[in-house]
1. Measuring from label point to label point, each 7 Å out along Cα→Cβ, what is the residue 123 to residue 493 span in nm?
2. For region 301-312, just list the computed ³J(HN,Hα) in residue order, Karplus coefficients 6.51, -1.76 and 1.60, θ = phi - 60°, integers in Hz, with x standing in for Gly and Pro.
3. Hey, what number do you get for the chain at 222 nm if only DSSP H runs of n ≥ 4 count, each worth -39500 (n - 2.57), divided across all residues, to the nearest 500?
4. What are the residues whose amide H is under 5 Å from the amide H of residue 31, where those residues sit 5 or more places off or on another chain and H is modelled from the backbone?
5. Could you pull out the GluC sites (Glu not before Pro) across region 315-354 that fall in loop regions by DSSP (anything but H, G, I, E, B) with no more than 14 other Cβ atoms inside 10 Å?
6. Roughly how many whole Å is it from the C-alpha centroid of region 499-534 to that of region 331-348?
7. Give me the dipole magnitude in Debye, nearest 20, for region 301-380 about the Cα centre, with unit charges on the beta carbon: positive for Lys and Arg, negative for Asp and Glu.
8. Give the long-range amide H neighbours of residue 244: residues separated by 5 or more places, or on another chain, with amide H under 5 Å away, using H modelled in the peptide plane at 1.01 Å from N.
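What follows draws every value from the coordinates through simple rules; no lab data is involved. What you see is a predicted model; the values in this text were computed from it and never measured. Reconstructed Cβ throughout: ideal geometry from the backbone, glycine too, with neighbour counts over all protein chains shown.
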Amino acid sequence: MDRKNAHWADEAADRIIREKGGKDLYTCASGITPSGTVHIGNFREIISVDLVVRALRDKGKTARFIYSWDDYDVFRKVPLNMPRREELEKYLRFPITMVPDPWDRDESYARHHEVDVETLLPVVGIHPEFLYQAKNYQASKYAEEIRRALEHKDLLVTILDKFRDEDHKIQGQWWPVNVFCGRCNRDDTDIDGWNGEWKLAYHCGACGHKEEVDIRSAGGVKLGWRVDWPMRWKYERVDFEPAGKDHHSQGGSFDTARHVCRDVYDWEAPVTFRYDFIGIKGSAGKMSSSSGKVINLEDLLRVYTPEIIRYLFAGTRPNTEFTISFDLDVIKIYEDYDRTERIAWKTEKAKDEAAYERERRIYELSQVSVDADGRTAMPAVMPYQIPFRHLCNLVQIADGDIDKTIADLRNARSAENGPAVPSNAAGPSDAQIPGLAARCHRAKYWVEECAPEEFRFRLRRPGGPEGPPDPGNPADAAGAADRAGNGGAALGEKELAGIRLLRDRVVARIGEFADDKACAQAIYQAAEEAGLEGKELFRAAYQALIGKDQGPRLANFLRSIKRERLMEILAAY
């Protein structure tokens, strides 16, 4: 199997080439109205186009990726998550490029949301050519196309009514254009007439203004959306554009646009496919649904590396609904990506050659960087792999200090006792540090903002209010957990004796254990000698180390902490 035909994006590229024929340039399009936060559902369309563009380029084709900001649309409502809502409400019915930025960062409300997206897309390896419809309309770029729609307005009514029942067909006089009032800027206008050429008369219901404008120079005349969309397919010579399943429903907007494009603008509609909705599982940090906060690319980048974000979409067919997680499933998503990476680099064997080609292709398309021709490329070296769950533990052991976490990993081989790294015989190389640092930042954020409370911990400090109890102090011995504010039970004499054995028989020689299994055997031996069940010693150890009844797997946990630090914490016992 040729892996350049092993992926759904490759299938889409083949279909574009087959249906549109041999061309010097294939234009692939996406776009949205920046009327609020561009959420992760919108991002699915963007990255779907990017993946198809990469597939075309991998086949040696020249592909143009245009992203159209429909920023000349009407500001219809104020989203719940916007600041200064009362001020924004004054601009309802204005074009969104004329609504002020409530954050006072950019020149308009629309531009603020555009900048948010344009800044982050390169982080995940997406570099479209941005088109701004407000500028195009205000410069009267579409004057010829507007006149063509006016000339075919009766045909447009027939097309738009084709899929409507009687109750929803167009009634009375209808025009394919809207006009923003030249005095008050609102779209509360009605068309009074068209002279058959370039002049259009209108009046404003909001302020009473009346005028006749020339569509070759008047920037306020705009096609309605169901005509505007197919018009721009012709204008930009679009060969491919996907759409959500709501637009792809039978008789929906894509069907209508297809007819308008062919029958009015003499252009065949682009090749397309339907993409499905995305669900969200868990919380992406400190967010509230009542505030209207939606999940966007920035939220994803706090938890997932750019490659894994691409992997989530590259590894799922567009017409399949899937869930993006911020809960414990984050760990599995990292594990799944790491497995795909190992297969791609042939450090883990795939079940057969076809499986290898599929996994390798998904991995290629998941990478941020491309070569000079925009084609997919493997990284120069295999990234340093460390399980995300284990990395979360290491970051917490380092008290959230990422530089210390990386330094501990780099020194793991030479240190008497350093972080246990099951999948690596040595620490990361210089070339692997940037990728490791990126993963460390996500681990830190996820633990602090998204992970369930039982996943979080903080190592006690030797002595002090958060240190271990003083066995010579009856109050401490009876209420160590309450003293630390952790809600666990007190340590009895048998547990304290077990902690001492753990310290002297296991921790003191922690560097001698070849693996977690050997360390675990020594822990059970210490428990038996103290007359404790294994789980009793585990609980006592977690109380002594982190003030909780449970924690990470104890053998691996102990081997992940430097011996000197463990001995300092346990010294008072």
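1. 5.8 nm
2. Here the 3J(HN,Hα) series is 5, 6, 10, 10, 5, x, 5, 6, 4, 4, 4, 4 Hz.
3. Details: 22 runs with 235 residues, N = 573.
Result for the chain: -12500 deg cm²/dmol, rounded to the nearest 500.
4. When sequence neighbours closer than 5 places are left aside, the close amide H contacts are 68.
5. Details: sites: 321, 335, 341, 348, 353; in loops: 321, 348.
Here the GluC sites (Glu not before Pro) that fit, given the DSSP loop and packing criteria, are 321, 348.
6. The two parts, judged by their Cα centres, are 33 Å apart.
7. Values: 13 positive and 16 negative charges, 15 e Å.
In debye, rounded to 20, region 301-380 gives about 80.
8. Hits under the 5 Å cutoff: 275.
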